[in-house]
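To start, the structure itself, in structure tokens.
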Amino acid sequence: MEKNTAEIIKKQIWGIVKSGILCFLLYLLLSIPMNIIFYSDVPADGSRNFTPVHIATVFIYAAAFYLGYVKKNCETYEENMKDTFSFKECLTDYLRDEGKYLFLIYGILVVLYEISAHIIPAPNFLNLPLFFLFSVAPIIQIPILDMIAAYIVTMVAVLAVSVYARYRVYKHWHPKNKHSL
């Protein structure tokens, strides 16, 4: 492994850790408003469906990933900028550059999440940090498929946030082309 690749992977792992911690803090901060919004009509002794909370956590993690990793690391993007912005080109460039490592890191994490979910009994504190990364997994009650769906949703959110951050940098450096794609 090249030193540059090792540095990229270390930076990404640290960014994922920071994003997970930030997501947890944002989740704690937003848990009361989410309960009021989603469960105001559910009686106190009634059963709750936590699907809306799991879906909202995807967006919380996307915001945390943007703040904890993408925003800082996207500052150097203006070096390779062209006169027009293309979402497709930006996405393929990102996947060729550092996105491929994110796919690998999140793939390893989702496998660890699935394995520990089946090995360790129900109050599983090992999976708590990984829950915020793959929060849609508890919605689907089918083993393996739940993690595949969670991985896909997380990667779509991560890629969308990364491309959005690059688009914001482009808009900053090309104010006359704000609406050109």
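Where does helix 3-39 land angle-wise versus the long Cα axis of the chain, in degrees 0 to 90, nearest 10?
50
Please calculate how many Å² of accessible area the chain carries per residue, with a 1.4 Å probe and no DNA, RNA or ligand atoms counted.
Numbers: 11140 Å² over 181 residues.
That works out to 62 Å² for each residue.
Quick check: net charge around Y94, other residues with Cβ under 12 Å of its Cβ, Lys/Arg +1 and Asp/Glu -1? If you can, show how the numbers build up before the last one.
Values: positive: K88, R96, K100, R166; negative: E89, D93, D97, E98.
That works out to 0.
Just list whichever of K11/K100; K10/K88; K10/K72; K72/K171 have alpha carbons separated by over 18 Å in the model shown.
K10/K88
Out of residues 5 or more away from N124 or on other chains, whose amide H comes under 5 Å of its own, with H placed 1.01 Å from N in the peptide plane?
none
Which distance in nm do the two modelled labels at I32 and T5 give, with both placed 7 Å along the Cα-to-Cβ direction?
4.9
Run the helix sum for the chain: -39,500 (n - 2.57) per DSSP H stretch of 4+ residues, divided by residue count, reported at 222 nm to the nearest 500 deg cm²/dmol. Before the final figure, lay out the partial values.
Numbers: 6 runs with 113 residues, N = 181.
Per the formula, -21500 deg cm²/dmol.
Using the Karplus equation 6.51 cos²θ - 1.76 cosθ + 1.60 (θ = phi - 60°), what ³J(HN,Hα) coupling, rounded to whole Hz, does each residue of region 138-145 give in order, writing x for Gly and Pro?
After applying 6.51 cos²θ - 1.76 cosθ + 1.60, I find x, 5, 8, 9, 10, x, 6, 5 Hz.
How high is the relative contact order of the chain, in percent, with contacts defined as C-alpha pairs under 8 Å that are six or more residues apart?
Values: 148 pairs, mean separation 59.4, N = 181.
RCO, the chain: 33 percent.
Quick one: with all protein chains in place, what share of the accessible area of the chain is carbon or sulfur, to the nearest percent (1.4 Å probe)? Let's see the in-between values first.
Working: 7530 of 11140 Å².
The nonpolar share, carbon plus sulfur, comes to 68 percent.
The values are calculated or read from the model by the stated rules, or taken from the named source; none is laboratory data. Values in this document were obtained by computation on a predicted structure and should not be read as measured data. For neighbour counting, all protein chains shown are included, and Cβ atoms are generated from backbone atoms with ideal geometry for every residue, glycine included. Side chains included, ligands, DNA and RNA excluded: accessible areas come from the protein's heavy atoms. Shrake-Rupley method; radii C 1.70, N 1.55, O 1.52, S 1.80 Å.
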